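The structure under discussion appears below in the form of C-alpha cells.
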Amino acid sequence: MNAAFSYHMPAITPVANTEDLPEAVDVAIIGGGIIGVSAAFQLARRGVRVAVLEKGIVGGEQSGRNWGWVRLTGRDTRELPLMLQSHAIWETLHQETGVDVGYRKRGIIYAAKTPEARARYERWAVLGREFGIGVRSLEPQDVAAFVAGMDRTTFGGIFVPEDASAEPQLAAPAIASRAQRDGAFILQRCAVRGLDIEAGRIAGVVTEKGRIRASTVIVAGGAWSSHLLSRHGLRLPQLKVLSSVMRTAPVDAGIEPTMGFSDFTLRKRLDGGYTVASSATSLVDIVPDSFRFFRDFLPAFMMERKSLKLSFGKPFFDELIGYRHRPFDQASIFEKIRVLDPTPDANLLTSVEAAMRTSVPALRDVPIAQRWAGMIDTMPDVIPVISEVEALPGLIVGTGFSGHGFGIGPGAGRLLSDLATGDTPCVDPTPFRFSRFSDGSRPEIQYWL
C-alpha cells in the first residue's frame, strides 16, 4: 500500500477486564460489540447474572469502526419501532454511563442526485411520518443552505432533525463499563470455541479458558456469528461487506447535520473533524460462504450490483483453509484473529476524498487524519436476526445488522434481554426471526436510500 494510504485501527476506549472465569451465569453473551454489551447492560440492571465473552477487545471490530450515525432516516419500516426504542435509550446514555459518548441531535440529511432518488426519498418520508417522525422535505436551495458554497447540483432531499450521531470508539466501551458496574462479567481475549449442548439444549459455552455453564446463550458475534453457529449445524445466511472510512483533522466547516450525498457522507465528530465514507460503493470479497449462500443473496445482489465491487483472491483461500472447525481442545480461528482489522479500499477512499474536496469548499484543504476499515455483517434482506432459535432451546441470536447496528444497538440489546428473560418484548420480534430463511417465506428487501 502506498504510504499516503497507511491506515490505523481506531483507538477504542479500554474497558477493565474480568480476569477470573465465572463457573456459571444465567446468560452468556458471545461478542463484545454494541449489541452484546447493550444486552448485558439491560440484563445486569435487571439483576441477571451475565457474562460478555469477547475474543479481542470490547468495540474492537465494526462497533468501533462505523460511521457513527444514529438514524431513523431511510430505515426499513420493520426496524423503525426498534429504532425509536433505541433513540430513547441513546438520550439517557450520558447520564447512565457517566461518559459523554458524543451523542448529538444534529439531524441527518439525504440529498438526492436524481429526480428518481428524490421520489424514493419522498415515499419513505410518507411512511416515516406515519411513525411520528418529523421528516422535512428539502428543495435544492434548502440542501445548499446547509453547506456554504456547495459545488454540486442536487434535486433536494429529506431531513430528519431528530436524528443524531455518536462516537463509535466511546459508546460500546461506556455501555460495557456501566454493565460491569451493575455486576456483569466482561471477559476480553476470551474466545468462545463453541456452544456447550446437553440433551438437545444450551448448557453453556466452551471458551479458550474453560467452560462456563449458562442456560441461555446470546450469539452477538457480528461477522463471526454464522461461522460459530455452523459448527452446530445451524444455517445463518450471512456475508461480510468491507466498509472503508476516514476522518479529517478538526476544521471549522460550519456543517452541523450529518449529510449523505450520492457518493460520500459527512458526520461531524466530537473532536471537531468529520467522519467521511462512501455512500455509493462497497467492496465484497468472494469467499466460500458466497457460494454457500448464493441463492439467499441473489435478489439483494441484483438490486445493489451497481454499488458492489467484487474481489476474488487471498480471503477466499484464507477462509477455505483457516476457518475449519477444530476440536474444543485446540485453538480456533477466533483466537488466531483476535480483531478483524481489514485494509481499507485505497482507490475508493481516493474518489471519496476527491468528491468531498470538490463539493465542499470548507473541506478543500483539510488534512485527512486517519483511514480505517471494518467488516459489516449483512443479511439477504438487510435487516438483523434478533431471535430465539427453535432448534436449540436456550439459544438466542442477535446479529446481521447490515450496517445499521450502531444506531439501533441499544434497542436491540433491550429486545435481546426481553427474549432472554421471558419479559414482554419491547417490540414485535417476528420480522427478525431466525427461521425466516428456512420457513418458506420470501424475505422482503426495502430499498430507500
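The values are calculated or read from the model by the stated rules, or taken from the named source; none is laboratory data. Being a predicted model, the structure only gives us computed values, none of them experimental. All Cβ positions, glycine included, derive from the backbone under ideal geometry; neighbour counts span all protein chains shown. SASA here: full protein model, heavy atoms, side chains in, ligands and nucleic acids out. Shrake-Rupley method; radii C 1.70, N 1.55, O 1.52, S 1.80 Å.
Which residue, F297, A203, G374, has the largest displacement toward the positive end of the dipole of the chain when charges sit on each Cβ (Lys, Arg +1; Asp, Glu -1)? Selected residue: F297.
May I ask for the angle, rounded to the nearest 10°, between helix 80-97 and the longest principal axis of the chain, with both axes built from Cα atoms and the value confined to 0 to 90°? So the helix axis and the longest Cα principal axis differ by about 80 degrees. Net charge of the neighbourhood of A125, taken over other residues with C-beta under 11 Å away and scored Lys/Arg +1, Asp/Glu -1, is +3.
Across the options G440, P14, T92, the greatest Cα extent toward the positive end of the charge dipole of the chain (unit charges at beta carbon of Lys, Arg, Asp, Glu) belongs to G440. This model, with +1 at the C-beta of Lys and Arg and -1 at the C-beta of Asp and Glu, gives the range 222-339 a dipole about its Cα centre of some 300 debye. Between L82, L270, L53, the GNM of the chain built on Cα springs shorter than 10 angstrom shows L270 fluctuating the most.
Taking Cα centre as origin and charging only the Cβ of basic (Lys, Arg, +1) and acidic (Asp, Glu, -1) residues, the dipole magnitude of the range 31-173 rounds to 240 debye.
Starting from one equal scatterer on each C-alpha and no solvent at all, send me the Debye-based log10 I(q)/I(0) for the range 52-144 at q = 0.11, 0.17, 0.21 Å⁻¹, two decimals. Values returned for q = 0.11, 0.17, 0.21 Å⁻¹ are -0.45, -0.93, -1.18. Taken one residue at a time, the phi angles of the range 219-226 give Karplus couplings (6.51, -1.76, 1.60, θ = phi - 60°) of 8, 10, x, x, 5, 9, 4, 4 Hz. Gly and Pro are set to x. Across the range 348-363, rounded Karplus estimates of 3J(HN,Hα) from the backbone phi angles (6.51 cos²θ - 1.76 cosθ + 1.60, θ = phi - 60°) give 5, 5, 4, 5, 5, 4, 4, 5, 4, 5, 5, 8, 10, x, 5, 10 Hz, Gly and Pro being marked x. Counting protein heavy atoms only, the range 204-349 has 56 percent of its accessible area on carbon and sulfur, 1.4 angstrom probe. Given +1 at the Cβ of Lys and Arg, -1 at the Cβ of Asp and Glu and no other charges, the dipole of the chain around its Cα centre is 480 debye to the nearest 20.
Centroid-to-centroid, using Cα positions, the range 407-431 and the range 236-273 are 28 Å apart.
As a length-normalised measure over Cα pairs under 8 Å and 6 or more apart, the relative contact order of the chain settles at 25 percent. Relative to one another, the C-alpha centroids of the range 18-59 and the range 142-212 are positioned 13 Å apart. Taking 27 Å as the cut-off for C-alpha to C-alpha distance, list the pairs among K113/K309; K55/K268; K268/K314; K55/K105 that go past it. Listed pairs above 27 Å: K55/K268; K268/K314; K55/K105.
Considering only D163, D329, D381, the Gaussian network model of the chain with Cα springs below 10 Å gives its largest mean-square fluctuation to D329.
Estimated from helices alone, the mean residue ellipticity of the chain at 222 nm is -9000 deg cm²/dmol (sum of -39500 (n - 2.57) over DSSP H runs with n ≥ 4, per residue).
Of the Cα atoms belonging to the range 320-438, the radius of gyration and Dmax stand at 20.0, 58 Å.
Based on the reciprocal of the average 1/r between different C-alpha atoms, the Kirkwood radius for the chain equals 22.2 Å.
Whole Å is fine, so just give me how far the alpha carbon centre of the range 311-347 lies from that of the range 65-113. Going from one Cα centre to the other spans 31 Å. Summing Lys and Arg as +1 and Asp and Glu as -1 over all other residues whose Cβ lies under 13 Å from the Cβ of A214 gives a net charge of 0.
Rolling a 1.4 Å probe over the heavy atoms of the protein chains gives the chain an accessible area of 39 Å² per residue. Stretching the chain fully between D252 and A369 yields a gain of 40.6 nm (0.36 nm per residue, less the alpha carbon separation).
Projection of the Cα convex hull of the range 244-383, averaged over all directions and equal to a quarter of that hull's surface, yields 10.7 nm². Relative to the current alpha-carbon distance between Y447 and R129, full extension at 0.36 nm per residue lengthens the span by 112.7 nm.
Residues in the range 326-337 carry Karplus couplings, in order, of 10, x, 4, 8, 10, 4, 9, 4, 5, 8, 6, 10 Hz; the curve used is 6.51 cos²θ - 1.76 cosθ + 1.60 with θ = phi - 60°, and Gly or Pro positions show x.
For the range 1-83, give the percent of accessible area contributed by carbon and sulfur heavy atoms, probe 1.4 Å, rounded to a whole number. Carbon and sulfur together cover 53 percent of it.
Rounded to two decimals, the Cα radius of gyration of the range 143-215 over 2.2 N^0.38 Å is 2.07. Top mean-square fluctuation among N347, N17, N66, Gaussian network model of the chain, C-alpha springs under 10 Å? Comparing N347, N17, N66 in the GNM, the peak value goes to N347.
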